[in-house]
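The values are calculated or read from the model by the stated rules, or taken from the named source; none is laboratory data. Predicted model only: the values in this text are computed from it and were never measured. As a convention, Cβ positions derive from the backbone with ideal geometry for all residues, glycine included, and neighbour counts pool all protein chains shown.
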Amino acid sequence: MSDVVLDALTEADAERCAELEAILFPGDDPWSARAFRDELRAGHRYLAARDDGRLIGYGGVALLPGRLGQQAEAEIHTIGVDPAHQGRGVGRALLDGLLAAADEIGATTYLEVRVDNAPALGLYRAAGFAVLGTRRRYYSSGADAHTMRRPPGGVTVGGTPADAPR
Ligand SMILES: CC(C)(COP(=O)(O)OP(=O)(O)OC[C@H]1O[C@@H](n2cnc3c(N)ncnc32)[C@H](O)[C@@H]1OP(=O)(O)O)[C@@H](O)C(=O)NCCC(=O)NCCS
């Protein structure tokens with residue numbers, strides 16, 4: 001991770017993101033370059049990880065500030081790391097950056113993840129997420145997804161998230 005730099009993802013990165021998506025999410029509706037441009041134009045917060053200037057990872061979060069007493073919410077939309085660079089802490093650094101933005105507005109953060117995606121489940125659990133429920137056939141491949149939730153700040157009480165369902 002030492003030579004890897006995190007900065008803002010831009011529309012100029014969209015084609016490379018789509019290239020990585022096709023490798024990382026085959027059969028699960030990988031996003032197109034246009035989908036990434038739409039995400040950026042919608043104002044969602046996206047980070048890029050670059051190694052020697054080359055994009056090797058990306059991640060994005062939608063932020064919904066709380067209004068009129070409502071709890072602020074955030075949703076991790078996607079995160080991916082070039083297979084050649086996985087296992088070096090890049091995914092964790094990207095997720096930490098996205099969660100820092102969620103924590104700035106005191107948001108509860110949600111995401112969906114394939115139930116059989118062990119690396120991602122490990123990453124999310126370590127960041128304070130817990131499984132909230134399961135969505136059957138959530139992906140176009142027919143795979144199920146867990147919905148996961150992380151309380152604001154990832155704060156836990158007695159080893160479980162403070163707002164974990166009973
Ligand atoms: C999930 C993903 C982003 C992790 O990125 P990464 O850079 O390899 O992860 P890191 O090196 O930062 O590892 C962070 C933590 O993730 C977990 N993790 C990473 N790889 C793992 C593996 N192969 N098995 C189990 N846990 C793993 C561990 O908890 C790890 O912490 P540790 O190193 O202290 O054990 C990456 O595997 C990826 O791009 N996968 C394909 C796309 C994807 O599934 N995205 C998530 C969609 S919901």
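Does segment 90-111 hold any residues that are under 18 Å from TYR46 (Cβ atoms) and in a strand (DSSP E or B), and which are they? Break it down into steps so the answer makes sense when it comes.
Restricting attention to segment 90-111, the residues satisfying the condition of being under 18 Å from TYR46 (Cβ atoms) are 90-105, 107, 109-111.
Of everything in segment 90-111, those that are under 18 Å from TYR46 (Cβ atoms) and in a strand (DSSP E or B) turn out to be THR109, TYR110, LEU111.
Listed here are the residues, each with its yes/no results for (1) aromatic (Phe, Trp, Tyr); (2) farther than 15 Å from ALA14 by Cα; (3) touching a His at 6+ places or on another chain (Cβ under 6 Å); (4) within 11 Å of the ligand (Cβ to nearest atom).
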residue: HIS44; (1), (2), (3), (4): no, no, no, no
residue: TYR58; (1), (2), (3), (4): yes, no, no, yes
residue: GLN70; (1), (2), (3), (4): no, yes, no, no
residue: GLU75; (1), (2), (3), (4): no, yes, no, no
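Is one or more of the residues making up segment 87-101 on the phi > 0 side of the Ramachandran plot and either surrounded by fewer than 21 Cβ atoms within 10 Å (Cβ to Cβ) or without any contact (Cβ under 8 Å) to a residue 24 or more places away in the chain (or both)?
So the first thing to find is which residues in segment 87-101 are on the phi > 0 side of the Ramachandran plot, and the list is 87, 89.
Among the residues that remain, those that are also either surrounded by fewer than 21 Cβ atoms within 10 Å (Cβ to Cβ) or without any contact (Cβ under 8 Å) to a residue 24 or more places away in the chain (or both) are: 87, 89.
Yes; the residues of segment 87-101 include at least one that is on the phi > 0 side of the Ramachandran plot and either surrounded by fewer than 21 Cβ atoms within 10 Å (Cβ to Cβ) or without any contact (Cβ under 8 Å) to a residue 24 or more places away in the chain (or both).
Inside segment 98-127, can you point out the residues that are in contact with a strand residue (DSSP E or B) (Cβ under 9 Å, 6 or more places away or on another chain) and either more than 21 Å from GLY87 (Cβ to Cβ) or more than 12 Å from the ligand (Cβ to nearest atom) (or both)?
LEU99, ALA101, ALA102, ASP103, GLU104, ILE105, ALA107, THR108, THR109, TYR110, GLU112, VAL115
Hey, among the residues in segment 119-150 that are among the aliphatic types (A, V, I, L, M) and either in contact (Cβ under 8 Å) with a residue 60 or more places away in the chain or in a loop (DSSP other than H, G, I, E, B) (or both), which one's surrounded by the most Cβ atoms within 10 Å (Cβ to Cβ)? Don't jump to the end; show me each part of the working.
Keep residues of segment 119-150 that are among the aliphatic types (A, V, I, L, M), which gives 120-121, 123, 126-127, 130-132, 143, 145, 148.
From the residues that got through so far, the ones that are either in contact (Cβ under 8 Å) with a residue 60 or more places away in the chain or in a loop (DSSP other than H, G, I, E, B) (or both) too are 127, 143.
Working: ALA127: 18, ALA143: 15.
Ranking the qualifying residues of segment 119-150, first place goes to ALA127.
Within segment 67-89, track down each residue that is in a loop (DSSP other than H, G, I, E, B), farther than 18 Å from PHE129 by Cα and either touching a helix residue (DSSP H, G or I) at 6+ places or on another chain (Cβ under 8 Å) or not aliphatic (A, V, I, L, M) (or both).
Pass one, segment 67-89, residues in a loop (DSSP other than H, G, I, E, B): 67-72, 82, 86-89.
Subset that is farther than 18 Å from PHE129 by Cα: 67-70, 82, 86-88.
Correct list: ARG67, GLY69, GLN70, ASP82, GLN86, GLY87, ARG88.
May I ask you to say which residue of ARG125, ARG135, ARG88, ARG150 is at pLDDT 95 or above and within 16 Å of ALA62 (Cβ to Cβ)?
Values: ARG125 fails: within 16 Å of ALA62 (Cβ to Cβ); ARG135 fails: within 16 Å of ALA62 (Cβ to Cβ); ARG88 fails: within 16 Å of ALA62 (Cβ to Cβ).
Just a single option satisfies the conditions, and that option is ARG150.
Just one of PRO165, PRO161 is crowded, with 18+ Cβ neighbours inside 10 Å, under 25 Å from PRO65 (Cα atoms), modelled with pLDDT under 95 and more than 8 Å from the ligand (Cβ to nearest atom); which is it? Outline the logic, then answer.
Values: PRO165 fails: crowded, with 18+ Cβ neighbours inside 10 Å.
Unique residue meeting the criteria: PRO161.
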